[in-house]
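The values are calculated or read from the model by the stated rules, or taken from the named source; none is laboratory data. These numbers come from a predicted model, not from an experiment. Here Cβ is always computed from backbone atoms with ideal geometry, including for glycine, and neighbour counts include all displayed protein chains.
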Amino acid sequence: MTSARPSEKATWHYSTAAARWYALGRYYAMFPRDFLHDAISHLTEPNDHVLDPFCGRGNAPFVATVLGRRALAIDINPIAWLFAAAKQQPAKAPARLLARLREVGHARRPADRRSNSRFETMAWAPQVRAFLKAARRELDWETSIVDRTLMAFIALHMQDKRDTGLSNTLSPTIAHSPTYAIKWWTHHGLLAPPDVDPVRMLENKITRRYRYGVPDQAPSRVLLGDARTELPQRRSSDARLLITSPPYCGVTDYWNDHWIRLWLLGHDLRKDWSKTAKYTNQENYRELITAVLRHSRKHLRDDATILIRSDQRRRTAEMCSQAITEVWPDRTLMQLPSSASHAGTSNGHGRGGTKSKEIDFLIPGSGATQWARERNFQPAPVTTA
Ligand SMILES: C[S@@+](CC[C@H](N)C(=O)[O-])C[C@H]1O[C@@H](n2cnc3c(N)ncnc32)[C@H](O)[C@@H]1O
């Protein structure tokens with residue numbers, strides 16, 4: 001790839017709309033921005049298509065479209081999709097969003113203040129609880145851009161530290177069990193939730209996010225659904241780059257770890273073990289990754305680059321490399337274990353304590369060999385199922 005590349009510093013300077021909107025949404029295993037900027041700007045050209053079939057909160061399609069690439073992205077989790085879709089196509093005019101916010105505030109009913117559990121009582125003050133219930137009832141987040149953007153703001157702030165969000169202290173990423181939360185609040189003397197005015201607080205948050213407007217982005221499609229069924233239904237996008245990070249095998253439960261915010265989107269306010277998405281069975285996990293990659297292949301040019309960030313732990317890394325080799329048996333697989341680690345989310349109500357390391361798998365497409373060499377990718381050892 002030879003054309004002039006947009007500098008990372010200028011694209012993501014803090015006083016750009018792109019930098020403000022990139023950060024919307026807290027989610028698992030989020031791609032770092034510099035990784036995405038580097039890969040997408042070097043491995044694709046403007047107007048090329050980029051594919052992310054496990055897009056999470058949508059960092060890859062966001063960076064791609066800010067850089068003038070088109071994106072096709074999918075996630076099966078409604079919370080991930082809410083953030084990804086909202087920042088891919090936010091409501092353009094903050095005035096409409098603020099008006100809708102006030103409408104939701106007015107739609108509160110006296111019965112909405114009522115608490116149905118100790119968790120609810122300790123998590124949100126009555127006026128916040130009522131607001132969340134009104135939002136849950138009123139907002140058409142699946143089809144309306146304004147409602148979806150507003151819902152993303154509410155989802156972001158309904159589960160946060162007590163001084164920055166709408167709730168008593170909760171981890172902003174993982175939703176712990178109600179029992180754990182109650183014990184934790186009690187132990188830390190946080191017996192009552194903060195009595196904040198949700199409309200005023202969100203007005204401030206929205207105004208700050210819109211300070212530099214909304215970013216200019218190339219067209220994209222961000223779909224809510226299973227990549228195994230969504231991809232075959234779409235016309236091939238002939239993408240030049242597949243960049244994705246599949247769920248990790250047996251590490252996090254993508255459904256139950258989001259049970260609080262999923263309630264906002266219409267589910268019950270409880271963990272639902274029938275919906276557990278932890279991918280503990282290695283064979284099923286490998287089948288999932290293989291199937292998604294197989295369907296992805298039809299959306300890629302023959303000389304596309306495939307870049308997959310995985311967990312370094314053996315059961316995930318091996319299953320991923322086997323799946324990649326099965327789908328692209330004739331192409332060269334390389335790997336680069338990352339020395340960086342990101343904070344885990346499993347402990348406490350802060351940012352979490354455990355750390356995990358990542359590994360990047362790469363099949364270099366046309367123009368990517370030099371890029372791979374410069375970053376020290378090495379041939380991956382052969383693994384067989
Ligand atoms: C490691 S996360 C991706 C995080 C993402 N890179 C980011 O920056 O936010 C993996 C995602 O795969 C999604 N996922 C799992 N199974 C899926 C499927 N069959 N189809 C689409 N998405 C799926 C999960 O919901 C989860 O959001």
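Please go through the range 159-200 and give me each residue that is more than 27 Å from the chain's Cα centre (by Cα) and of a type in the set (S, T, N, Q), ordered by number. Passing the criteria: only 186. Taking each residue of the range 167-178 that is at pLDDT below 95 and looking for partners that are among the basic types (Lys, Arg) with beta-carbon atoms closer than 6 Å, six or more apart or interchain, yields 172/26; 173/26. Would you call residue 136 out of contact with any Asp or Glu (no Cβ under 6 Å at 6 or more places or on another chain), surrounded by fewer than 21 Cβ atoms within 10 Å (Cβ to Cβ), closer than 20 Å to residue 272 by Cα and touching a residue at least 24 places away in the same chain (Cβ under 8 Å)? Yes. Among the numbered conditions (1) outside the structural domain of residue 227 (by TED's automatic domain parsing); (2) at pLDDT 95 or above; (3) assigned to a loop (DSSP other than H, G, I, E, B), the only one that residue 1 does not meet is (2). Using the structure shown, decide if residue 80 is at pLDDT below 95 and either within 16 Å of the chain's Cα centre (by Cα) or surrounded by 19 or more Cβ atoms within 10 Å (Cβ to Cβ) (or both). Spelling it out, it is not the case that residue 80 is at pLDDT below 95 and either within 16 Å of the chain's Cα centre (by Cα) or surrounded by 19 or more Cβ atoms within 10 Å (Cβ to Cβ) (or both).
Beta carbons closer than 6 Å, at least 6 apart along the sequence or on distinct chains, pair a first residue in the range 62-89 that is more than 15 Å from residue 230 (Cα to Cα) with a second that is aliphatic (A, V, I, L, M) and within 9 Å of the ligand (Cβ to nearest atom) for 63/36. For the range 3-23, a residue qualifies if it is within 12 Å of the ligand (Cβ to nearest atom) and either β-branched (Val, Ile, Thr) or in contact (Cβ under 8 Å) with a residue 24 or more places away in the chain (or both), and exactly one does: 22.
Restricting attention to the range 111-137, the residues being more than 17 Å from residue 197 (Cβ to Cβ) and not hydroxyl-bearing (Ser, Thr, Tyr) number 9.
Any idea which of (1) surrounded by fewer than 22 Cβ atoms within 10 Å (Cβ to Cβ); (2) closer than 22 Å to residue 80 by Cα is the one residue 236 doesn't satisfy? Answer for residue 236: the failing condition is (2). Within the range 302-320, the set of residues being away from the ligand (no atom under 12 Å from the Cβ), more than 10 Å from residue 359 (Cα to Cα) and in contact (Cβ under 8 Å) with a residue 24 or more places away in the chain comprises 303, 304, 305, 306, 315, 318, 319.
Picking from residues in the range 24-53 that are of a type in the set (A, V, I, L, M, F, W, C) and part of a loop (DSSP other than H, G, I, E, B), the one that is farthest from the ligand (Cβ to nearest atom) is 24. No other residue among 323, 277 is surrounded by fewer than 17 Cβ atoms within 10 Å (Cβ to Cβ), out of contact with any strand residue (DSSP E or B) (no Cβ under 7 Å at 6 or more places or on another chain) and under 21 Å from residue 31 (Cβ atoms) apart from 277.
If you filter the range 216-263 down to residues that are among the basic types (Lys, Arg) and more than 9 Å from the ligand (Cβ to nearest atom), you find that the one that is nearest to the chain's Cα centre (by Cα) is 261.
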